[in-house]
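Engineer: Would you mind keeping the following structure in view while I ask a few things?
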Amino acid sequence: MRDAARMEVVQRERRGEDRGLRVRTRSGELADELRTAAMEGDRRLIRQLVAELLGLPRVPGHSRVGLQLPVLIGLIESLRALALSDELTGLYNRRGFMQIGVRFLEVARREGRAVQLLYFDLNNLKQVNDSMGHAAGDLLLRETGDLLRALFPDYGVHEVLGRLGGDEFAALTTRPDQARRAAMVLGACRTQRPYANAPLSLSVGAAQFDPQRPVDIGELLEVAERAMYDHKRVARAPSAELFAQPA
């Protein structure tokens with residue numbers, strides 16, 4: 001009898017371990033599926049997966065919340081990233097650029113570091129959309145995002161990039177030489193597209209953030225935008241003329 005009872009206990013423990021392994025495995029799978037659903041904006045699937053997550057059985061040695069909470073935190077982070085990202089280019093959207101930009105300038109102010117804000121306008125997006133369709137325009141926007149990443153390789157560390165909306169982009173950088181080089185390259189950018197007669201053409205404006213006379217991100221954007229329109233009018237301003245200082 002004792003051997004039979006002992007065997008029953010061992011079998012129950014094994015069944016519990018097997019069930020715990022299945023639950024933990026499914027919890028990890030749900031985390032991946034929820035991140036994917038969040039990035040795709042599939043609300044129906046998100047609700048379905050969260051309901052399954054909340055219904056997972058308790059695992060011996062683990063609280064139910066202990067399994068669910070990391071997955072839900074990951075979902076929240078994915079949704080936050082989605083809310084701050086531009087779906088087409090993968091850069092920050094306007095909201096993300098403004099939120100991250102505020103913190104970026106605050107750190108620069110505390111550390112006494114100058115910052116350059118560059119404001120870009122894709123001149124011929126409407127022409128491409130009208131003549132070749134929005135698929136060609138979307139491709140042009142994605143390639144512009146890729147070009148900015150190449151010009152600002154410290155994106156995510158010492159630099160912030162965003163698509164502000166439509167055909168407008170912006171960058172924050174603490175690397176003044178790199179900012180000036182980027183302005184010169186983009187100011188002369190006339191890259192022929194394989195699908196269009198119209199070249200990729202960008203107008204550029206820039207503003208400098210002085211940590212001794214700090215201004216907010218909104219004012220800095222306004223100054224850089226005005227400089228961009230000045231550049232658009234004169235077509236190819238020398239790089240020194242692209243930099244304006246907030247009054």
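The values are calculated or read from the model by the stated rules, or taken from the named source; none is laboratory data. Just so you know, these numbers come straight off a predicted model, no measurement behind them. Neighbour counts run over all protein chains shown; Cβ positions are idealised from the backbone, glycine included.
Engineer: Being at pLDDT 90 or above and in contact with a strand residue (DSSP E or B) (Cβ under 7 Å, 6 or more places away or on another chain) is the requirement here; does THR173 meet it?
Structural biologist: yes
Engineer: If a residue must be closer than 26 Å to ILE217 by Cα, buried (at least 16 other Cβ atoms within 10 Å of the Cβ) and among the aliphatic types (A, V, I, L, M), how many such residues does region 126-167 contain?
Structural biologist: Count: 7.
Engineer: Within region 105-115, is there a residue that is under 30 Å from ARG35 (Cβ atoms) and at pLDDT 85 or above?
Structural biologist: Among the residues of region 105-115, at least one is under 30 Å from ARG35 (Cβ atoms) and at pLDDT 85 or above, which makes the answer yes.
Engineer: Which residue, of VAL102, VAL157, is of a type in the set (Val, Ile, Thr) and free of Cβ contacts under 8 Å to residues at least 24 places away in the same chain?
Structural biologist: None of the other options fit; the residue is VAL157.
Engineer: Here's something else I'd like to know. When you go through GLU106, GLU87 one by one, which is the residue that is out of contact with any Asp or Glu (no Cβ under 8 Å at 6 or more places or on another chain) and part of a helix (DSSP H, G or I)?
Structural biologist: Within the list GLU106, GLU87, the selection yields GLU106.
Engineer: If you scan region 202-226, which residues turn out to be of a type in the set (A, V, I, L, M, F, W, C) and at pLDDT 90 or above?
Structural biologist: ALA207, PHE209, VAL215, ILE217, LEU220, LEU221, VAL223, ALA224
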